[in-house]
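To start, the structure under review is shown below, and the notes come after it.
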Amino acid sequence: MLDIDSIRKDFPFLEAENGENPLVYFDNASTTQKPIQVLNKLDQFYRKSNANVHRGVYRLSQQATDAYENARKKIAGFINAKDDRSIIFTRGTTESINLVAYAWAQQQLKPGDEILVTEMEHHSNLVPWQITAERTGAILKYIPLNDDLELDLEKPEKYFTPKTKVFALIHKSNALGKLNPVQQLIRHAKTVGAITVVDGAQSVPHTTVDVQQLGCDFFAFSGHKMLGPTGVGVLFGKPELLESMEPFQSGGEMIEKVTMTHSTWNDIPWKFEAGTPNIAQAVGLGKAIDFLQNISMKKVEEHIGELTEYGMKNLSEINGVRIYNKKNIHGGIISFNVDGVHPHDLAQFLDQDNIAIRTGHHCTQPIMKKLGISGTARISFYIYNTKEEIDKLCGCMKSTLNYFA
Ligand code: C6P
């Protein structure tokens, strides 16, 4: 069991003004709030250690470099990457996936090659592959959703052909909370020699991820969805692949030698970190990982699972509520609609009671199309959420529905 009261004290954002009507924040899949430890780390970095990295020989620059590189080590440990050089700092999941699409796929793919994605993807793991297919003449294919809104995996082998060169898939769905059997699917991809790219934006914040066990070539996630600052994310890549790739962006820091006509590249990971990186944010992400590890990812996952189950049960008892992802009872996400009420109207009513929920297509328009709707209301949990907050949500929803009746 988590000591939620003690955890909540670490999140100043959740404190009620004058002790009244505290914020109920249920949009954690979008971004999480930050604990005081992360805020202090950022403050301390800018007050005491701020300097550019890998450039100065003075002590301060060395300190900043050490803090930045220590964060890289911490992240490697957190996802069990064998080699720190596998960890590239990016702006987030979106940039990490674009890096692979531009610097690997658009250089390697030939007309007729196949890129395989799924119908469950966030746009971040779909649009870069559409552009890549257009530019290279590759064919974009996808594993469809079945009527239970799960990947159709009755015969997964049928989607993988000798022409499949890239298999890019979402680990945990931000719209449905479904954790996909990534390890099993990667094994299929390997039988045809495809490289594998996993979008871990929603899985890393909730569950223990082991990239060696998954066997993926690339794995992307964002710091801000796991208590870290915005502006920093991670691309894990197998060192031999990263070494074989051309740079994604170019300029300072990513070079080894530059003449007026030619340049050579720095070693990995710095080859992929052109310009001044988000140094304080990377250090802040390291602190967020400390915070999560102090709690333990197992407990994080259990708590989120309990809240989801409780939320599903209580929401489904409200007249007119239609939950779309009832099967994913532990996923941390509840996507629903209420008969006769537009999700935006519902969200605005709840906002008046200081309850923040997300509405819309959640950057998953293909899933919405499959459901035949334009959007859903979505609540998504994190470690500081409580069952009492879910009770408050359900109470407010009942009053809202009375208003609409
Ligand atoms: N989802 C949400 O669901 P960035 O913006 O780069 O940090 O993350 C993009 C992204 C990629 N993959 C998945 C599975 C995601 O859930 C997200 C972000 C947010 O509310 C915004 S749509």
Near Lys398, which lysines are there with a Cα under 27 Å away, not counting those fewer than 8 places off in the same chain?
Lys313, Lys326, Lys327, Lys387
Selection from Gln106, Asn40, Ala133, by position along the positive dipole direction of segment 39-294 (Cβ):
Asn40
Considering only Leu393, Leu241, Leu99, give the residue with the highest GNM mean-square fluctuation for the chain, with springs between Cα atoms whenever their separation is below 10 Å.
Leu241
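Please sort by residue number the chymotrypsin sites (Phe, Trp or Tyr not before Pro) in segment 40-142 whose DSSP state is loop and whose Cβ has at most 12 other Cβ atoms within 10 Å.
Tyr58
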Quick one: putting +1 on the C-beta of Lys and Arg, -1 on the C-beta of Asp and Glu, what dipole do you get for segment 326-376 around its Cα centre, in Debye to the nearest 20?
420
In segment 1-95, which trypsin sites (Lys or Arg not before Pro) are in a loop and have at most 16 other Cβ atoms within 10 Å, using DSSP for the loop call?
Arg55, Lys82
Leaving out same-chain residues fewer than 8 places away, which aspartates and glutamates sit with a Cα under 15 Å from that of Lys48?
Asp66
Of Ser263, Gln249, Ala220, whose Cα points farthest to the positive end of the dipole of the chain (charges on the beta-carbon: +1 Lys, Arg; -1 Asp, Glu; origin at the Cα centre)?
Ser263
Dipole magnitude (debye, nearest 20) for the chain, charges at Cβ of Lys, Arg, Asp, Glu:
720
Can you tell me what the convex hull of the Cα atoms of segment 39-294 projects to on average, as an area in nm²?
14.5
Run through every distinct alpha carbon pair of segment 93-223 and return the Kirkwood hydrodynamic radius in angstroms, one decimal place.
14.5
Among Ser296, Ser263, rank each residue by its count of other Cβ atoms within 10 Å, from fewest to most, as a rough exposure measure.
Ser296, Ser263
Exposure proxy check on His262, His224, His206: fewest-to-most Cβ neighbours within 10 Å is His262, His224, His206
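In percent, how large is the relative contact order of the chain, given Cα pairs closer than 8 Å and 6 or more residues apart? Before the final figure, lay out the partial values.
Numbers: 779 pairs, mean separation 85.9, N = 405.
That works out to 21 percent.
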Considering lysine pairs in segment 133-187 that are 8 or more places apart or on different chains, how many have Cα atoms under 22 Å apart?
11
Each residue of segment 382-390 in turn: what ³J(HN,Hα) in whole Hz from Karplus with 6.51, -1.76, 1.60 and θ = phi - 60°, glycine and Pro shown as x?
9, 4, 8, 7, 10, 5, 4, 5, 5
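Calculated from DSSP H runs of 4 or more alone, at -39500 (n - 2.57) each and per residue, what is the 222 nm mean residue ellipticity of the chain, nearest 500?
The helix contribution divided over the chain gives -11000 deg cm²/dmol.
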Residues Cys363, Cys216 in order from fewest to most other beta-carbon atoms within 10 Å are Cys363, Cys216
Show me, for segment 248-259, the HN-Hα J-couplings you get by feeding each phi into the Karplus relation (A = 6.51, B = -1.76, C = 1.60, θ = phi - 60°), rounded to Hz, glycine and proline as x.
8, 10, 9, x, x, 6, 8, 9, 9, 9, 10, 10
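Values quoted throughout were computed directly from the atomic coordinates according to the rules given, and no laboratory measurement underlies them. The shown structure was predicted, so the numbers you read here are calculated from the model rather than taken from an experiment. Virtual Cβ from ideal backbone geometry, glycine too; neighbours counted across all protein chains shown.
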